[in-house]
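Throughout, read-outs are computed from the coordinates displayed, never taken from laboratory work. Model, not experiment: these values are computed from the prediction. Virtual Cβ from ideal backbone geometry, glycine too; neighbours counted across all protein chains shown.
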Amino acid sequence: MENKGAGMMKKNNNKGFTFIELVLYIGILSVFMVAVTSLVGTVVSSNRKMTNRKKIQNEAGETYDTISDMIMGATDVKILGSAYVATTSAGVTSYSPVSGVFIVPDDTDTKGSGGELMSAGGIGRRTVYIEKAGGAGLTPKGPCYDIADMKSFGDVTSPSTDDTTYIIPDDSGKLYLKVDYASALQSNGDSVITTCTITYDKTEKKLYVFKTPQSDRITDASEADGTVLCKDVKDFKLQINPDEDSIAITLELEDSTTAASYKINGVVGIRNSYVLKKHTWD
């Protein structure tokens, strides 16, 4: 009898988990795994955002430096977009929004009633030609306005937040910055002038760059291969201060996947003091 009882006691001590205990353990393990997975996901997501932010920060810096270097050495600047220009009526000056090409006029140019530049003798409005990369699709663009009639951003130490001082894309969604700049020196000491057009396509969120030997034309390189300067461009706009020979640049990039963004506001001084002032000829 004692041996039989001992055997039964031994059998009872070897029984496994009950169903309820097993369900409880699985539940606890599941909660733990969910917590760990959530934590890992958060860490990975945060790391991805930091990596992407660092990436767009570097891209923004490199793009800004590329554009500012050309502006610093500029010998001529033309901008095609939308901005506010000054008009005077009955002795009162006001600023009105216009779309056109903002240039430095020659001393033979005159102004129409809306501030648009007229060719010598007032025969017709000044125009600037725009073409596709490769020379196709030559199209006159106008009217042209005196770049000095645009509302200045004032303090050259930092860009203004006044919306009426910005040059932004026109109704086509594009903004063009054409810069002639000294890119090299010839053996005789004369400068080699290169024309570079920066095209901002607001719809595509891209900046394009296209360089040619010196030209009076603006080049739209948005459909050409190998011309993308920067992608994921949320915003690109310009401001000018002719009196201080400076151009302000606003450049903002935003990653399309993580929405991480980085914005640069900077003022670029032009070495040549005549670039943003009316041309006079001897």
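At-a-glance table
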read-out	value
Proxy reagent accessibility, fewest Cβ within 10 Å first, across Lys278, Lys141	Lys278, Lys141
Choice from Asp243, Asp107, Asp190 with maximal GNM fluctuation in the chain (Cα, 10 Å cutoff)	Asp190
Peptide ranges 236-242, 84-90, 225-231, 29-35 listed from the most packed, as the mean C-beta count within 10 angstrom indicates	236-242, 225-231, 84-90, 29-35
Crossing angle, helix 2-13 versus the chain [Cα axis fit, 0-90 degrees, rounded to tens]	10
Three semi-axes of the equivalent ellipsoid, the chain, Cα gyration tensor, whole Å, largest first	66, 20, 17
Degrees between helix 19-72 axis and first principal axis of the chain (Cα, 0 to 90, nearest 10)	20
Relative contact order of the chain, defined on C-alpha pairs under 8 angstrom at six or more residues apart (%)	20
Projected-area average for the range 135-231 over all orientations - Cα convex hull basis, square nanometres	9.0
